[in-house]
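Here the structure comes first, spelled out in structure tokens, and everything after it is commentary.
The values are calculated or read from the model by the stated rules, or taken from the named source; none is laboratory data. None of the values given here were measured: they were computed from a predicted structure. Here the Cβ is made from the backbone with ideal geometry for all residues, glycine too, and neighbour counts use every protein chain on show. Calculation scope for accessible area: heavy atoms of the full protein, side chains included, ligands and nucleic acids excluded. Shrake-Rupley method; radii C 1.70, N 1.55, O 1.52, S 1.80 Å.
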Amino acid sequence: NNKHILFGHPFPGSGGTTLRVDGTDYSNYGIEVNQIGQLVSGPSTSGDMNQTVWQAGDIRLTQTLQIVEGNSRLRDTLLMKYEILNTGAVSHETGLRIFLDTQLGANDGAPFQVPGLGFVVNERERLGADIPQFFLSFDQLANPAIQTQGTLIGAPSTVPDRVVWGNWGRMNNTLFDFTVAPQMSLLGDSAVGIYWNPATLAPGATRICAS
């Protein structure tokens, strides 16, 4: 019903994507040090799908945003899919961070509920085997009127290596590396970081990161 679930709609800019290549970070938002190389094509929209392609040295990053069927069996879910292709002749270490600035309705400091953690109002993270299948976010914990679900495990998602529920201001001051401060409240301005750690990508190989 046209309710906000991310900050800034319809003019986003406080969240985005960081591509890490051999220790260098390329980002398309906020405090970017390097834009994601050269824009190859897009952003272009066809039906329920939007696609943008960047080239950073040997690495080509294709971002596909698409409305898909969710657990409700309704087309009410946004799939964020990234294809990382090594177009070069040598291997590269590549990683990815998706950074989402949550705002549910008028609440820019939306709290979360995470299986295994309960209600999350301070910074928290989950790594590896402890990453839950999903997490929830609310406009308020008592009698929420707006609720969203983020899916982390289960097709077409690819399991991330790390998920952070954090304070937006602190996370926005980083491009990739971030240290959680468990005493730090996120109720003033909350965000989510979804990470796929750097891994070796051979020449001609493709890595898929999706959530």
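Structure above, values below:
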item: Heavy-atom surface of the chain, accessible at 1.4 Å and reported per residue (Å²); result: 49 Å²
item: Tail weight of P(r) past 28 Å, computed on alpha-carbon pairs of the chain, percent; result: 25 percent
item: Heavy-atom accessible surface of the chain: percent carbon and sulfur, 1.4 Å; result: 52 percent
item: Local net charge near Leu61, Cβ-Cβ under 12 Å (Lys/Arg +1, Asp/Glu -1); result: +2
item: Residue-count net charge about Ile5 - beta-carbon cut-off 14 Å; Lys, Arg +1, Asp, Glu -1; result: -3
item: Net length gained if the chain between Thr206 and Phe119 were fully extended (0.36 nm per residue, minus Cα distance); result: 27.7 nm
item: Dipole of the range 110-211 [Lys/Arg +1, Asp/Glu -1 at C-beta], most positive-end residue of Thr179, Gly169, Ala129; result: Ala129
item: Potential extension, Ala142-Val159 segment - 0.36 nm per residue separation minus Cα distance; result: 3.1 nm
item: 14 Å reach of a label modelled at Gln183, 7 Å along Cα-to-Cβ, counting backbone N of the range 85-125; result: 123
item: Summed residue charge, Cβ within 11 Å of Gln51's Cβ, Lys/Arg positive, Asp/Glu negative; result: 0
item: The range 71-211 - charge dipole about Cα centre, Lys and Arg +1 at Cβ, Asp and Glu -1, debye rounded to 20; result: 300 debye
item: Relative counts (whole %) of C-alpha pair distances in the range 123-185, using bins that are 10 Å wide; result: 18, 42, 36, 4
item: Sorted peptide list for 89-99, 184-194, 124-134, 43-53, criterion being average Cβ within 10 angstrom, highest first; result: 184-194, 89-99, 124-134, 43-53
